[in-house]
Structures are given as C-alpha cells and as structure tokens.
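The structure appears below as structure tokens.
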Amino acid sequence: MRFASRILQPGKGVTVIRIEANDLAEARTILDRSGGTILTLKPLHRGLNWSSSKPRFSIPLFTQELIGLLEAGLTLGEGLETLAEKESSPDVRRILDRLLEALRQGKPLSVAVEAQGETFPALYAATLRSAESTGDLVPALTRYLAYHTRIDALRKQVVMASLYPLLLLGVGALVILILVTYVVPRFATVYSEAGRAPPWTTQVLIQFGSALTHHGGIALGALLALAVLIAWGFRLSSVRAMLGRFLLSGGIPVVQSLDRVLPLLAAPLQSGAKTAGAGLRRGQPISQAFETGKLTTAVSLRLLRVGEQSGRMSEMMERIALYYDETVARIVERASRLFEPAIMIVIGLVVGGMVVLLYLPIFDLTGAIQ
C-alpha cells in the first residue's frame, strides 16, 4: 500500500512524503527513522476519485497538525504559518491566512475562529476560549479531537445501521407505488366493464390510485417537501448537552463554564442550564443545581456526587459522557435490529392488504357466477 504523510523535519519545515508499506504500523516505523515529527499519516486509495474537486476544510486534520507543531516546540503563530506555507488548496490557505492576520492584529485564536463563520463549529471556539484562559491549548485541542472522533464514529454507526432499513423502505415504497399507479387503475377498468360495484374499501383504493396517477407531480412535491421538513427538524433537534465537560477539564470555574456552554445547548436544555447556573451562584453543589435544572439522570447524579466528594469532578464528567456514549450506541444497535423486521411486517401488511382489496371483488364475482 502507498501512504502519504506530513512530517515536520528540523531545518526543512513540513514536508509531504509518500512511501510503500504493508500496513500503517510499518509505514509509521519507516517514517520514524527520518528523525522528524509525524503530523499526519493516511493511506492513498487507488482508483477513481468521485469526491468534489473543491477541497473542504478538515477541522480534525487541521487540529491534529496544529497539535503536532505545538508539541514540536513551535508557537501558535509559527504553527499556522507553517501550515499555510505548505497548503496547496487556495481555499484552505485563505482560511489559514485569515487566522494568521487576526493573530497579527493581537486577537485571540478563539475570536479569529469565530470570525470564519460556519467553517468552525461553536464548540471549537468555546474550547479555544477555555484554553486561552488556562494556557492549556494542546490538551484542550486534544480533548476536542477525541470528542470529534467519538461523535464521528457514532454518526457512522447510525448511518450504517440505517442503510438496510432505508433500503427496505425504498423497495417497499416502490412496490406500493407500482401497485397504486399501474395495477389499481387496470383493476378499476375491469370492474367498470363488469358492471359490478366493488366494496367501498376497494373503491377508496381505486380512487386513491386514480388521484395519484393524475396528480403525481403534486404528490412528489409534497413528499420532497416532507423530506426537507424532516431533515430540517433533525438539524434543529441535535442535543449537545455533554459538551460542557471540555470547558470544565480546562480548569475554568463551573459557573463560568456553564455560561460559556449555554449557547451550544439545544433550546429545551438552555432553560435548565440557566436554572442550574442560578443555583450554583447561590452556593448549591453541582449535583443539586443540575438536578434542579433537570440536567441529570439517576446515574449521572450519583457520579456527580462522587465527583464532589472526591474532588475529581472533571473525571466524573468524562465518565458520564462515556457512559451515555455507550448507551446511545447500544440503543442504535437495538433499534436497528428491531426496526428491520418491523419495516418488513408493515410493508407486507400494506402490500398484502392492497392485493386482498383488489382481488376481493373478483372472488365475489366468481361466487355469484357459480
């Protein structure tokens, strides 16, 4: 396999190296002999590239390279200059140049990141603000990178678990669409020529098929509008309740951390966070304030109390987050296993019901003839 790597070499800066190796471990061993610091290492996939020609700004890659440069002893400005000098994409380099220009004007990196619009998420700027208050930029970026990796893995798991159910829904919808738009109108012609009125249930099905055949464009537009509405609703309902732990680990007081993480929360959680913040300002323990704001469950409440007693609140927050990450993963797996047979049953009942409704008048006609 071929691998591409960015390496920080003394006296040479960041260089891109391509090597042949059997696996990732062997490639890393070969690169370690060069004496430089490995910033990134990824395999090169042969074949056609179906991706967009316009490269996107990769936040994980940017964060990983910046961490490597900072750990190698470069300052923040020098690290950004190094990344900008070696960047081949004009769009990505433009973003890096804007960050550098803001730093030269004396602005903090968090302010520079916020000025980039939607390029960086709000959590990224909040993480940088916490690091600027404590001076722990590398640990803060490392925590963000770990969080992004976990969320990305969970997102991929959800997507993979949804593929087969979505395929079943697509095939089932196609079968139902063929029945309604092609088969039903022909049965309607048969019943009309026979001069025998079918049952009212069959008449409803025939009228629905006729309406769908004559107004297919309107029905398709309504379905597309419904799909867009559902997608928009999912974007608004994304829950970000566990993001505050990254600010707490940075050594910032919990009241200040809660104020900073408040804009990142979904609307239903913001009122609870405000209630919890008011309780903390009155001197309530974290567990009691979070319980009053309905930001806890039975498990998280116990862990918060353990953190208060032991003085390891940051560690307890991390454990709570990991626990619920695993809980969500189990729920996704169980839901996907139950969802697939449920979809097959529903599709079978719908298709079978339509077939019965279509053939029921024929059975009645046959009985009358006999």
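No value in this document is a laboratory result; all are computed from the given coordinates. Bear in mind that the values here come from a model prediction, so they are computed numbers and not experimental data. Cβ atoms come from the backbone with ideal geometry, glycine included; neighbour counts cover every protein chain shown.
Structure notes:
- Difference of contour (0.36 nm per residue) and Cα-Cα distance, ARG186 to TYR359: 61.1 nm
- Taking other C-beta atoms within 10 angstrom as a stand-in for reagent exposure, TYR182, TYR323 fall in the order TYR182, TYR323, fewest first.
- Charge dipole (debye, nearest 20) of segment 275-365; +1 at Cβ of Lys and Arg, -1 at Cβ of Asp and Glu: 520 debye
- Among MET317, MET1, the ranking by other beta carbons within 10 Å of each residue's beta carbon, starting with the fewest, stands as MET1, MET317.
- Ordering of 107-117, 342-352 by burial proxy (mean other Cβ atoms within 10 Å per residue, highest first): 107-117, 342-352
- Cα gyration tensor, segment 84-155 - rounded (a/c under 1.5), prolate or oblate: oblate
- Estimated distance in nm for a label pair at ASN22 and TYR323, the labels positioned 7 Å out from Cα along Cα-to-Cβ: 4.4 nm
- Counted by neighbouring Cβ atoms within 10 Å, the residues HIS148, HIS215 run from fewest to most as HIS215, HIS148.
- The overall shape of segment 267-334, judged from the alpha-carbon gyration tensor, is oblate: a/c is not under 1.5, and a/b is no greater than b/c.
- Summed residue charge, Cβ within 13 Å of LEU96's Cβ, Lys/Arg positive, Asp/Glu negative: -3
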